[in-house]
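Trainee: Below: one structure in structure tokens.
The values are calculated or read from the model by the stated rules, or taken from the named source; none is laboratory data. Please read these numbers as outputs of a predicted model, since none were measured by experiment. Here the Cβ is made from the backbone with ideal geometry for all residues, glycine too, and neighbour counts use every protein chain on show.
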Amino acid sequence: MGSHAATDHPATAGKPAVYAVVALAFIMVLIDGFDTASIAFVAPVIAGQWGLSPAAFTPAFVSTSLGAVVGYMVSGSMAARWGARYTGLASVLVFGLGSLATAWASSLEMLVLLRFVTAIGLGAILPIMVSLATEVISPRRRETVAMLVVTGLSAGSVLGGVLGVPLIHRHGWQSIFWVGGIVPLVLLVPLAWALSMSRSNGGQAVSASGERKPGVVRALFDGGLAPRTILLWLFAFVVFINSYALMFWIPSLLMSFGFEAGQTPLGTAALGVGGLAGSLFMMVFISKTGVKPLLALMTLLAAACVWLISRADIQQSWVLPLIAGLGAGSIACCVGQSVLAVSFYPSALRTAGVGWAAALGRIGSIVGPAVGGALLSLGWNARDIVLTAVIPAAVALVLLLGMALSDRRARGTVKESTSR
């Protein structure tokens, strides 16, 4: 854990209240994951009703990612200016009302606009929930709780896949957005109580002496934080490139192994289940080993699965387990980058630190599928495309090594200054 974060102390609250806050933070992020993923499994249904091709919904997918990037980026500055409570509640209102409005979308243009606005709220709430949950918990359990809360994104995506089919079948595609809008709005009152425990009460731009403090984004590079911030942003970017590119390549990959087109959702399910398993594995061991060694292990796992799928002569029965291994490694790294941000930054900067790292990750999530599509258009086969995922994995390992060296240098500086 970084030296800055070590100075934090948990907010004074009894154990039941702490557990309630952490549970609520997880639920809010789970709803975030459900709502973010909803457009993916709703789009084919809407396409059939509106007489459009599924490819026509690409702008809706892109606008969702872009809106999330904006939300991640502004969450820290808004929390510093207006406080976590007002920023968090406003974010929930934006994505709750935006989701409800999406249920009444009657054109592709309206859908694209509403997904962008909704995703701004979805992006802003994640770093606020991670920061809140890690404020009220003891420092020893901070990384574990951060891992738990961020895993809500994957859990929400899986939940959407499970509930999506029966909801759409019985009540139409609009029901997905009704659920995504009504549930967070119902939770506004308990969320207001939970956010009242946050130490982020606004006014961060002015110090107690009346001097104006640097902007919250600039503060992520001050006081020796610059190397960690740069390495973290690069790490988030490359691991999201891998995870989202693999997500898009899997259907083509399965068909190259003889799977039928109707069986390709099995690959997405295997990737998601593997991601949850990898995140749970990290949760169990993170307090004992720290986050960086576990992330290195998960990166190696993903790289090994990539090599086996791409180069080994494997039977079809091994493909789905190896894809699950890919998910365990790649998705756990996507979750873990937020845990790194929690360990790097003090409480006052944690919302901005988590948000900006996530923003760089989401940019990677746009770049990865675009690169994969370009390689497909050049005539590359699916196995060769998947093999290129070894390159970002190798870069991620180098960045983790750089973080470890930066931490060691920071500890040496602290020890030298205290011995004087």
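Trainee: Report yes if R140 is assigned to a helix (DSSP H, G or I), within 15 Å of L340 (Cα to Cα) and basic (K, R), otherwise no.
Mentor: yes
Trainee: Right, something else. Anything in region 90-148 that is out of contact with any Leu (no Cβ under 9 Å at 6 or more places or on another chain), within 22 Å of F177 (Cα to Cα) and of a type in the set (G, A, S)? List them, or say none.
Mentor: A90, A103, S106, S107, G123, A124
Trainee: Another question, if that's okay. Any residue that is part of a helix (DSSP H, G or I) and crowded, with 22+ Cβ neighbours inside 10 Å - is there at least one of those in region 162-171?
Mentor: no
Trainee: Here's a follow-up. Just give me the residues in region 298-347 being part of a helix (DSSP H, G or I), under 17 Å from E143 (Cα atoms) and more than 14 Å from the chain's Cα centre (by Cα), in sequence order.
Mentor: Step one: list which residues in region 298-347 are part of a helix (DSSP H, G or I), which gives 298-311, 316-344, 347.
Subset that is under 17 Å from E143 (Cα atoms): 298, 331-344, 347.
Within region 298-347, M298, S343, F344, S347 meet the criteria.
Trainee: Within region 383-398, track down each residue that is buried (at least 22 other Cβ atoms within 10 Å of the Cβ), among the hydrophobic types (A, V, I, L, M, F, W, C) and either over 22 Å from the mean Cα position of the chain (by Cα) or assigned to a helix (DSSP H, G or I) (or both).
Mentor: Those that are buried (at least 22 other Cβ atoms within 10 Å of the Cβ), among the hydrophobic types (A, V, I, L, M, F, W, C) and either over 22 Å from the mean Cα position of the chain (by Cα) or assigned to a helix (DSSP H, G or I) (or both): I385, V386, A393, A396.
Trainee: Further question: Of everything in region 53-111, what is at pLDDT 90 or above and outside any helix (DSSP H, G or I)? Give them in sequence order.
Mentor: A103, W104, A105, S107
Trainee: Right, here's the next one. Starting from residues that are in contact with a Leu (Cβ under 7 Å, 6 or more places away or on another chain) and aliphatic (A, V, I, L, M), keep the ones in region 53-77 and report whichever is surrounded by the most Cβ atoms within 10 Å (Cβ to Cβ).
Mentor: A68
Trainee: Quick test for you: out of V189, V183, pick the one residue that is at pLDDT 90 or above, more than 22 Å from the chain's Cα centre (by Cα) and not in a loop (DSSP other than H, G, I, E, B).
Mentor: Going through V189, V183 in turn, the sole match is V189.
Trainee: State whether one or more residues within region 39-56 are touching a Gly at 6+ places or on another chain (Cβ under 7 Å) and under 24 Å from E135 (Cα atoms).
Mentor: So far as region 39-56 goes, no, none of its residues is touching a Gly at 6+ places or on another chain (Cβ under 7 Å) and under 24 Å from E135 (Cα atoms).
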